[in-house]
1. Checking the table Lys46/Lys86; Lys197/Lys218; Lys23/Lys153; Lys127/Lys153; Lys153/Lys197; Lys23/Lys116 against a 29 Å threshold on Cα-Cα, which pairs fail?
2. Mind putting a number on the dipole of the range 18-190 about its Cα centre? Charges go on the C-beta only, +1 for Lys and Arg and -1 for Asp and Glu, and I need it in Debye to the nearest 20.
3. Report, as a whole number in µm² per second, the diffusion coefficient that Stokes-Einstein gives for the range 18-190 at 4 °C and 1.567 mPa s using the Kirkwood radius over alpha carbon pairs.
4. Hey, what did the chain get for relative contact order, percent, Cα under 8 Å, at least 6 apart?
5. Rounded, prolate or oblate: pick one for the range 202-282, where a ≥ b ≥ c are the square roots of the eigenvalues of its C-alpha gyration tensor, a/c under 1.5 means rounded, and failing that, prolate if a/b is larger than b/c, else oblate.
6. Magnitude of the Cβ-charge dipole of the range 202-282, K/R +1 and D/E -1, about the Cα centre, nearest 20 debye?
7. On a 0 to 90° scale, report how tilted helix 144-160 is relative to the longest principal axis of the chain, with both axes built from alpha carbons and the result rounded to the nearest 10.
8. How large is ³J(HN,Hα), in whole Hz, for each residue of the range 92-106 in order, when computed from phi with the Karplus curve 6.51 cos²θ - 1.76 cosθ + 1.60 and θ = phi - 60°, using x for Gly and Pro?
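Please treat every number below as a calculation from the coordinates, not as lab data. As the structure is a computational prediction, the values presented were derived from the model and not from experiment. FYI the Cβ positions are ideal-geometry reconstructions off the backbone, even for glycines, and counts take in every protein chain you see.
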Amino acid sequence: MAAPGRVAAFRLPPLPTIGEIIKLYRLKAQRQLSQNFLLDLRLTDKIVKQAGELKNAHVCEVGPGPGGITRSILSADVEQLLLIEKDARFIPGLQMLSEAAPGKVRIVHGDILTYKMEKAFPKHLKKDWEDEPPDIHIIGNLPFSVSTPLIIKWLENVSKKDGPFTYGRTQMTLTFQKEVGEVDVAVVHFTPLVQPKIQQPFELVEKVVRSVFQFRRKYCFRGLETLFPESGRLKRTEQLMMTANVDPTLRPFQLSMSQFRNLCNTYRKMCDEDSSLFVFDYREELKQKKTTRNLLKSTSQPEQTEEEDQL
Ligand SMILES: C[S@@+](CC[C@H](N)C(=O)[O-])C[C@H]1O[C@@H](n2cnc3c(N)ncnc32)[C@H](O)[C@@H]1O
């Protein structure tokens with residue numbers, strides 16, 4: 001058994017070991033689980049420390065599972081802890097934790113991707129966007145398959161000041177697990193800025209960034225080309241890169257924030273000049289090309305192009 005978590009006012013039940021989790025929750029794949037669940041309280045304390053001072057704070061933990069991070073949050077003497085867990089098998093263990101810390105814990109058996117965060121905390125905690133962040137924190141260690149769509153949704157919420165950011169510049173401390181087979185986790189702490197670094201609609205920024213990074217190891221022009229329809233693609237990509245002052249042979253991860261800003265601003269101007277541009281969908285174009293090619297296919301079958309391999 002791991003050492004019990006301690007707080008001044010109450011004593012939490014000990015964290016189960018990986019073997020106990022497998023038995024208790026009838027789970028399989030011990031190797032994978034031991035990477036996904038954080039069962040060392042020294043490590044979970046370290047992660048929770050990254051969130052800053054949590055005494056008397058309102059915290060939402062996403063995906064508490066067996067409750068390692070949960071214990072560390074409670075040990076930080078928070079005012080209220082909201083737990084959102086999708087897997088019903090973890091609920092009884094979380095209820096035990098809730099009983100050990102009376103009046104502190106609220107458990108929601110639900111999906112964080114659909115949970116209405118704009119109603120999750122008391123209204124009196126709301127702060128103006130320009131003020132200091134509210135005393136509300138989101139903390140979580142989620143699998144990659146969930147954390148990626150979730151962070152995109154939350155970044156959109158930041159830009160629209162809705163969802164968890166109805167309360168102001170709510171802070172988030174999230175762990176991102178590396179590839180399956182690696183045990184390392186990266187802890188990232190986010191505090192929304194008062195002014196965005198790029199003053200364009202979220203959908204436009206997301207489209208540009210997603211396009212650049214779809215070929216992350218290639219020169220950045222390769223991804224940027226996909227913003228434009230085939231007719232005039234080369235010319236418009238050149239125009240975008242020249243106006244934005246971006247060297248086309250940089251790799252996506254070498255681009256600076258100001259280069260992304262220039263790209264977004266220039267692309268916005270191009271979209272304003274051509275109303276059909278923003279809705280252009282490169283993948284849709286590829287699909288249509290493939291369908292046409294299949295229709296025209298005769299006895300001699302051409303090799304698939306690199307583009308079509310992406311479909
Ligand atoms: C990688 S485990 C981490 C568990 C625990 N936080 C820890 O660090 O040991 C991810 C947890 O998130 C839960 N989960 C996965 N998808 C979820 C979702 N969409 N909404 C809420 N919880 C989710 C899983 O059931 C699991 O308990």
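1. Listed pairs above 29 Å: Lys23/Lys153; Lys23/Lys116.
2. 420
3. Once the numbers are plugged in, D ends up at 79 µm²/s.
4. 12 percent.
5. Working: a/c = 1.44, a/b = 1.33, b/c = 1.08.
In terms of gyration-tensor shape, rounded.
6. Numbers: 13 positive and 10 negative charges, 81 e Å.
That gives a dipole near 380 debye.
7. So the helix axis and the longest Cα principal axis differ by about 80 degrees.
8. In residue order, the calculated couplings are x, x, 5, 5, 4, 5, 5, 5, 6, 10, x, x, 9, 10, 10 Hz.
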